[in-house]
Amino acid sequence: MTDLLDRRLLFVTGKGGVGKSTVTAALALLAAEQGKRVLLVEVDAKGNLTNLFEHPPVGFDPVAVAPGVFAMQLTTEASLREYLKLNLRIPMVGRIGPIAGIFDFVANAAPGVKEILTVGKVCWEVRESIEGRAPWDLVIVDAAATGHVIAQLDAPRTIRDLVQTGPIRNQTEWMMTILSDPAITALNVVTAPEEMPVNETIELVARARTETDVPLGAVVVNRVLPEPFTVADEPV
């Protein structure tokens with residue numbers, strides 16, 4: 001587990017209901033206990049992650065939820081706002097009203113566009129921290145569930161294959177560099193000791209190996225209880 005926490009970016013996924021967010025929070029607290037400054041990123045848009053810290057829901061700006069642990073909720077619309085502001089030099093975009101029309105157009109323009117807005121923001125935070133412009137030692141993502149996480153992780157490659165040249169292609173290249181580096185990134189899968197979650201985990205691991213370049217980290221089997229009695233407790 002120590003080696004896992006030496007990475008800079010951890011994705012945590014799993015079938016709904018297996019305790020994905022709980023494991024995400026536990027990893028963040030463990031890393032913080034080791035003196036790391038952790039950014040927790042929730043992309044599932046359910047707003048439940050901060051409840052585990054007895055903290056109200058958070059927004060796009062990171063908020064401290066525990067000593068050494070900061071959390072943010074990532075939405076595609078907020079990510080688009082920031083992208084437009086940083087890359088297209090549109091200073092007022094953060095102050096205007098809902099940009100639903102722009103968002104709908106961009107999100108549906110091509111496969112992977114919606115997903116890259118979120119994974120791109122995550123990769124940006126990691127790159128900024130590696131280069132000393134952001135304070136995070138570790139970014140942990142409470143990622144989409146097993147049915148959607150592959151599209152999320154493969155979005156940079158999907159967009160790169162669509163765009164032959166220019167700044168967008170260059171951005172996908174550095175995202176892919178971060179996502180594919182085993183010293184930086186790991187995909188971790190949470191499961192439960194039940195047939196359906198285990199089967200989904202096996203399928204997800206196989207797809208992650210063949211459909212993405214993201215290195216695999218740990219498979220966490222949640223809800224495994226210790227034996228109530230030891231051999232010494234059994235009657236003779």
Fill in: Ranked list, fewest to most other Cβ atoms within 10 Å of each Cβ, for Val63, Val43
Val63, Val43
Practice prompt. Rank these for me by crowding, Glu82, Glu200, going from fewest to most other beta carbons within 10 Å.
Written response: Glu82, Glu200
Discussion item. Explain nothing, just the number: relative contact order of the stretch 2-223, from Cα pairs under 8 Å at least 6 residues apart, as a whole percent.
Written reply: 29 percent
Worksheet, complete the sentence: Check: in the stretch 2-223 the Lys pairs 8 or more apart or on separate chains whose Cα atoms fall under 25 Å apart number 12
Worksheet, complete the sentence: The simple spin-label model distance between Ala206 and Arg133, using points 7 Å out along Cα→Cβ, in nm, is 4.2 nm
Worksheet, complete the sentence: Extend 7 Å from the Cα of Leu216 along its Cα-to-C-beta direction; within the stretch 127-163, residues with backbone N under 13 Å of that point are none
Discussion item. Run the simple label-point estimate for Asn48 and Thr177 please: 7 Å along Cα→C-beta, distance reported in nm.
Written reply: 3.8 nm
Item to complete: Post the alpha-carbon centroid distance, the stretch 135-212 to the stretch 1-64, in whole angstrom.
Response: 16 Å
Worksheet item: Could you give the nm distance between label points at Asp161 and Leu30, where each point is 7 Å from its Cα heading toward the beta carbon?
Response: 3.4 nm
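FYI, it's all coordinate maths here, none of it is from the lab. Not measured: the values here are computed from a predicted model. Neighbour counts are summed over all protein chains in view; Cβ atoms, including those assigned to glycine, are modelled from backbone coordinates with ideal geometry.
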